[in-house]
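Novice: Please find one structure pasted underneath; my questions will follow.
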Amino acid sequence: MSTYRIAVIPGDGIGKEVVPASLEALEATAARFGLRLELTGFGFASAEYWQRHGTMLPDDWEATLRGFDAILFGAVGWPAVVPDHISLWGSLLRFRRTFDQYVNLRPCRLMPGVRSPLAGRAPGDIDFLVVRENTEGEYSSVGGRIFEGTERETVLQETVMTRVGVDRVLRYAYELADRRPKRHLTSATKSNGIAISMPYWDERVAAMGESFPGVRVDRFHIDALAAEFVLHPDRFDVVVASNLFGDILSDLGPACTGTLGIAPSANINPDRTAPSLFEPVHGSAPDIAGRGIANPIGQIWCASMMLEHLGHPAAAAHLLGAVEDVLALGPGEAPLTPDLHGTGTTAELGHAVAERVRER
Ligand code: NAI
Ligand code: MG
């Protein structure tokens, strides 16, 4: 029996509701597939921890978390107590950087029973993955201001693309596309306007493509690509993008597939030199926190992505299939949460998915 050590960090707000609600379905899946999970909960990366200690993380957080096989994370942020830049930079962004989670992966799939804001789209029409570079690119701290407050006030911020950084995220995207039936990769660029770094990105896309002759590649300028996501989301399979472009696409993609409450994401270290982190796209939702009505599906889908990363695709597919089955029942038959037009609670929906995991 394989044993995995999982760090479970609920964080703030609805993170503390959706994380517990996801665990029953995760554990039911593990039991079904003969996997042993050792779950260890941590209270840091939260406003409560910050109030008590004045920091978001304990000094030894890195040594503590490094020993785990994966991190299941809820959401961090409670602006009434801690400013958002402190909570985010003091926790999640430190995990991503220190653990070199250089791929941010977001599935965009229209699920049964969920209405797309795009007219005329049915489940199956939208099913693609956005691969975002997560460590360099446009989000660099290289730059500065000079002549502040004068007429010559000057501000510079540089994009940083390294061959190592670009190639590793492209390799991940190509490998992913190569494993999928459509074997289609789309690259986001803007080499007509950003005339130094983006032609370099394009060059590396072409160079990496030589190792993946079975993958069909196309590229779109980011502006046209954003429009294409809305007009023809059915044309995509795997989409790879730099940090900034990927940030935008990885919100736009899930937005095209319905509620924020079901969208998952993974921060992955593909080289497995440190644990990867799985977190829903949504935040701590202070407006509904404490009422037991948050949708736990995004968190459960994260658990499925985690199983996939741990090398158990059948278990991952089984769990996601249970989610699809429950969503397909609709608000009349399943305890769907209010964002899905039902009257169910977080715990009830989590339980319904777990039951379905055991039955199917
Ligand atoms: P949010 O995602 O928390 O909420 C946006 C809206 O979506 C709210 O109306 C909320 O009620 C709704 N919503 C979100 N998740 C839901 C769910 N599972 N079920 C039903 N409805 C759901 O974004 P917001 O309000 O901008 O940020 C709140 C806090 O969360 C801030 O402190 C922010 O910094 C933090 N945040 C943290 C993230 C993370 O941990 N990765 C990501 C985004 C925001
Ligand atoms: Mg974003």
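Just so it is clear, none of the values below were taken in a lab; they were calculated from the coordinates. Predicted, not measured: the structure shown is a model, and the values here were computed from it. Cβ atoms come from the backbone with ideal geometry, glycine included; neighbour counts cover every protein chain shown.
Novice: So how many Å³ per residue does the convex hull of the Cα atoms of segment 210-309 work out to?
Specialist: Expressed per residue, the convex hull around the Cα atoms of segment 210-309 is 153 Å³.
Novice: Testing the spin-label approximation: label points 7 Å from Cα along Cα→Cβ at Ala328 and Ala226. State their distance in nm.
Specialist: Modelled inter-label distance: 3.6 nm.
Novice: Could you give the distance between the Cα centres of segment 281-307 and segment 61-93, to the whole Å?
Specialist: 16
Novice: Further, regarding this structure: Which of Ser191, Ser22, Ser141 moves the most in a Gaussian network model of the chain with Cα springs under 10 Å?
Specialist: Ser141
Novice: Here's another thing I want to ask about it. Starting from the Cα of Ala63, step 7 Å along the direction of its Cβ; do the same at His85; then give the gap between the two resulting points in nm.
Specialist: Reported label-point gap for Ala63 and His85 is 3.2 nm.
Novice: Just grab the label-to-label distance for Arg152 and Ala347, each label 7 Å out from Cα along the Cβ direction, in nm (one decimal).
Specialist: 6.6
Novice: Considering the chain as a Gaussian network with a 10 Å cut-off on Cα pairs, which listed residue, Pro264, Pro296, Pro199, attains the greatest mean-square fluctuation?
Specialist: Top of the fluctuation ranking is Pro199.
Novice: Taking 45 Å as R0, compute the FRET efficiency from the Cβ-Cβ separation of Ala122 and Asp167 and round it to 0.05.
Specialist: Once rounded, the FRET efficiency stands at 0.75.
Novice: Next question, about the same structure. If I take every Cα pair under 8 Å that is 6 or more residues apart in segment 127-256, average their sequence separation and divide by the length, what percent do I get for the relative contact order?
Specialist: 38
Novice: At R0 = 30 Å, how high is the FRET efficiency between Arg97 and Glu203 if r is their beta carbon distance? Nearest 0.05 is fine.
Specialist: 0.70
Novice: Still on this model: Taking a temperature of 10 °C and a viscosity of 1.306 mPa s, what whole-number D in µm²/s does Stokes-Einstein yield for the chain with Rh from Kirkwood over alpha carbon pairs?
Specialist: My calculation gives 75 µm²/s for D.
Novice: Would you order Ile86, Ile222 from fewest to most other beta-carbon atoms within 10 Å of each residue's own beta-carbon?
Specialist: Ile86, Ile222
Novice: Can you give the % of DSSP beta bridges in segment 127-256 that are antiparallel, to the nearest 5?
Specialist: 30
Novice: Also, quick follow-up: 5 Å is the cut-off here: which amide hydrogens, built 1.01 Å from N in the peptide plane, fall below it relative to Thr189, excluding neighbours closer than 5 in sequence?
Specialist: Excluding prolines and chain starts, which carry no amide H, the hits are Phe220, His221, Ile222.
Novice: What ranking, highest mean first, results for peptides 115-125, 349-359, 144-154, 26-36 when packing means the other Cβ atoms within 10 Å averaged over each residue?
Specialist: The packing order, highest mean first, is 349-359, 26-36, 115-125, 144-154.
Novice: Quick check: residue separation of Glu38 and Arg145 times 0.36 nm, minus the Cα distance between them. What number comes out in nm?
Specialist: 33.6 nm
Novice: A further question follows. Where in the chain are the DSSP H helices whose alpha-carbon span along the long axis reaches 30 Å or more and whose Kyte-Doolittle mean is at least -1.0?
Specialist: The answer, listed by residue number, is 313-333.
Novice: Quick check on the exposure proxy: order Thr98, Thr189 from fewest to most C-beta atoms within 10 angstrom.
Specialist: Final ranking by Cβ density, sparse to dense: Thr98, Thr189.
Novice: What order do you get for 2-10, 46-54 when each peptide is scored by the mean count of other beta carbon atoms within 10 Å, highest first?
Specialist: Final packing ranking: 2-10, 46-54.
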